[in-house]
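Report on the structure given below.
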Protein chains: 2
Amino acid sequence: MTNTNYIEIIGLIAAFLTTAAFVPQAYKTWKTKDVSGLSLPMFSMFTVGILMWFTYGVLTNSLPIILANAVTGILSIMLLVFKIKYNNR
Amino acid sequence: MTNTNYIEIIGLIAAFLTTAAFVPQAYKTWKTKDVSGLSLPMFSMFTVGILMWFTYGVLTNSLPIILANAVTGILSIMLLVFKIKYNNR
């Protein structure tokens, strides 16, 4: 196994762990529609940050960064839409 | 400005945004000592993931990944110690 493969595997495990920790939280928020715990400015900042990480991953050809931030990015945008929708009621 | 500088700046902004979104949450948990919202297995997984991202950043010489995950890693370990401490009461 080359060094690059070894580094890539560490990145992929990291991507799996941090994404897997975020998914149940996002799912719970989605199911309960309880977005009261989310701060709109903070969560907007987080979502923009994730999209910039995704861009950084594409520009540096890093598969772990692309994968982790694609999944987290889609979930964040969904939660942000929820937050904006339910905030206005 | 070279392309590498341009990519690095995108990464640093991403690092700033996602870290800045995490800090107030960590600070609030620290102050209130209310760790009931944290799931121990999920948060342990997240913390290990952050430490692996840090390792990945070191191995790929990525300053944004190193910075973001150093700060988030330290805060996560502090919250994890809190969670274990207050869980046992």
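Points worth noting:
- Residue under evaluation B:MET42, criteria (1) among the hydrophobic types (A, V, I, L, M, F, W, C); (2) modelled with pLDDT under 95; (3) within 19 Å of A:PHE54 (Cβ to Cβ), criterion not met: (3)
- Subset of the range A:1-41 [of a type in the set (D, E, K, R), open to solvent by 80 Å² or more (accessible area, probe 1.4 Å) and either at the interface with another protein chain (Cβ under 9 Å from one of its Cβ atoms) or farther than 18 Å from B:SER36 by Cβ (or both)]: A:LYS31, A:LYS33
- Within the range A:50-71, being closer than 18 Å to B:SER76 by Cβ and more than 9 Å from the chain's Cα centre (by Cα) holds for one residue alone: A:TRP53.
- Sub-8 Å Cβ pairs linking a first residue in the range A:23-37 that is under 15 Å from A:VAL81 (Cα atoms) and of a type in the set (A, V, I, L, M) to a second residue that is in a helix (DSSP H, G or I) and at pLDDT below 80, at least 6 apart or interchain, are A:VAL35/A:ASN87, ordered by first then second residue.
- Meets criteria (out of contact with any Pro (no Cβ under 9 Å at 6 or more places or on another chain) and without any contact (Cβ under 8 Å) to a residue 24 or more places away in the chain) for A:VAL71: no
The values are calculated or read from the model by the stated rules, or taken from the named source; none is laboratory data. Note that the structure is predicted; figures quoted are calculated from it, not measured. Note: ideal-geometry Cβ built from the backbone for every residue, glycine included; neighbour counts use all protein chains shown. Only protein heavy atoms, including side chains, enter the accessible area calculation; ligands, DNA and RNA are left aside. Shrake-Rupley method; radii C 1.70, N 1.55, O 1.52, S 1.80 Å.
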